[in-house]
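> Below you will find the structure I want to go over with you.
Every number in this text was worked out from the coordinates using simple rules, so none of it is lab data. All figures in this text were calculated on a predicted structure; none of them were measured in a lab. Cβ sites come from the backbone with ideal geometry, for glycine too, and all protein chains shown count toward neighbours.
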Amino acid sequence: MANQSSSYPILCASFNQDNSCFAIGTRDGFKIFDANTGRLCYERAIGAFIIVEMLYSSSLLAIVGAGEQPSLSPRRLCLFNTTTGNALRELNFLTSILAVCVNRKRLIVVLQEKTYIYDINSLAILDTIDTVPNLKGLCAFSPSLDACFLALPASTTKGSVLVYNVMELHTHCEIDAHRSPLAAMVLSSNGIYIATASEQGTIVRVHLVSEATKSYSFRRGTYPSTIFSLSFGPSMQLPDILVATSSSGSVHAFSIGFNMNQRSRRSSGILGSIIPESVNDVLDPANHHVLHNAFPAGVKSYAVIRKTNKVADPSIPESVACRATISIITYTGYFLEYSLSINNQNESSWILEREFNLFTVISERTINS
């Protein structure tokens, strides 16, 4: 998603669909990095970009200029081939492009009041969704072809979500998630769950998409904060962890899948018998693991959970129940990667594994034009 502020050296940041690579857009051009090694794989210095989206690890990019150069209009989407260095196709719109989503079958273009669905191979337009004013281009997308959903704001006064099936081309459901307008949302990669946060930023909620029902609620904090990003851990079923970054400079990890047994035991007590499970989760801090001062407060950030591993030995209380690799891009130009370990007692530890400046990494082959 495009960054609306012009105060940062990074204008946009995105990981590809399997989190193996990430891209950033700057005032000079765009760069693609290998997320596993930190190696700069590709760069193009041709002007400012506010959207750079990859299609897995292929040579296809969807890019949108920031409008700082006449040739890079924010109303023009370019499908770009990194192998040849040439534009494959261009799509022009009447208003600025605010977000772009892709998978192997669909291309999604989000404008302020319309969202367009294309066949990515033929670029035939398949459907147009009229939306409420979506000034930030807020959206979420699940790339799975089996449950390929797009989520968009459904209201400007409350936190309602429109969930649209982009393969079958129909509205799937509408979810009333929050009382305040939405600030962030993410779909799990398999399209089964959606997590949302409102402009208040105090509660993060998880809904089951198929039933449009609330599954979990988590309290991030007591005081309002801007949620910059949400990310589910990769999973074929229920993700183990959900991560949020906020304007407080903290990283918040919420346990979901791997500690369901602990939750069931708590819910069987007196408190659990009179308070619904979703409310109980909000009140119970055991599911919340926070790393304070992960980056400077107020700095825009984008985080994903690249890997999760269950390494539990239930017979050993202190053994690690889950380990997650959390990668963070700050819009000031840094890449941070933390390892989060949670044991069977729900105690957590954070270790900073990697940190580097995205502007000082040198490519093996710098491309300028």
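> Using alpha carbon centroids, what distance separates the range 60-126 and the range 142-212, in Å?
For the range 60-126 versus the range 142-212, the Cα centre distance is 23 Å.
> Next up: Give me a comma-separated list of calculated 3J(HN,Hα) values for the range 166-182, in order, Karplus coefficients 6.51, -1.76, 1.60 applied at θ = phi - 60°, integers in Hz, x for any Gly or Pro.
7, 7, 8, 6, 7, 5, 8, 6, 10, 10, 8, 9, 9, 7, 9, x, 6
> Using DSSP to call loops (not H, G, I, E or B), can you name the GluC sites (Glu not before Pro) in the range 18-113 whose Cβ has at most 14 other Cβ atoms within 10 angstrom? Show your work: numbers first, answer last.
Values: sites: Glu43, Glu53, Glu68, Glu90, Glu113; in loops: Glu68, Glu113.
Passing sites in the range 18-113 are Glu68, Glu113.
> Something else about it: Classify the range 120-240 as rounded, prolate or oblate from the Cα gyration tensor: take a ≥ b ≥ c as the square roots of its eigenvalues, call it rounded if a/c is under 1.5, otherwise prolate when a/b beats b/c and oblate if not.
Values: a/c = 1.96, a/b = 1.35, b/c = 1.45.
Oblate, because a/c is 1.5 or more while a/b does not exceed b/c.
> If each DSSP helix of 4+ residues adds -39,500 (n - 2.57) and the sum is divided by the residues in the chain, what number results at 222 nm, nearest 500 deg cm²/dmol? Can you show the working numbers first?
Numbers: 3 runs with 20 residues, N = 369.
Mean residue ellipticity, 222 nm, calculated: -1500 deg cm²/dmol.
> Compute the projected area of the convex hull of the Cα atoms of the chain, averaged over all viewing directions, and report it in nm² to one decimal place.
17.9
> Does the range 1-155 come out rounded, prolate or oblate by the C-alpha gyration tensor, with a ≥ b ≥ c the root eigenvalues, rounded set by a/c under 1.5 and, if not, prolate when a/b is larger than b/c and oblate if not?
Values: a/c = 1.45, a/b = 1.20, b/c = 1.21.
Judged from the Cα gyration tensor, the range 1-155 comes out rounded (a/c under 1.5).
> While we're on this one: Between Ser71, Ser327, Ser96, where does the largest GNM mean-square fluctuation fall for the chain, given springs only between Cα atoms within less than 10 Å?
Most flexible of the set in this elastic network: Ser71.
> Which of the lysines could be linked to Lys114 by a straight reach, that is with a Cα gap under 22 Å, when you skip same-chain ones fewer than 8 residues away?
Reachable lysines: Lys105, Lys136, Lys158.
> Continuing with this model, one more query. Within a Cβ distance under 10 Å of Lys310, other residues only, what is the Lys/Arg minus Asp/Glu net charge?
0
> Using each residue's phi in the range 227-237, evaluate 6.51 cos²θ - 1.76 cosθ + 1.60 at θ = phi - 60° and report the 3J(HN,Hα) Karplus result to the nearest Hz, with x for Gly and Pro.
So the J values, rounded to whole Hz, are 7, 7, 7, 10, 8, 8, x, x, 6, 7, 10.
> Right, here's the next one. With a 10 Å cut-off between alpha carbons and a GNM built on the chain, which of Leu111, Leu98, Leu72 moves the most?
So, out of Leu111, Leu98, Leu72, the one fluctuating most is Leu72.
> All other residues with a Cβ under 11 Å from the Cβ of Ile129 taken together, and with Lys, Arg as +1 and Asp, Glu as -1, what is their net charge?
-2
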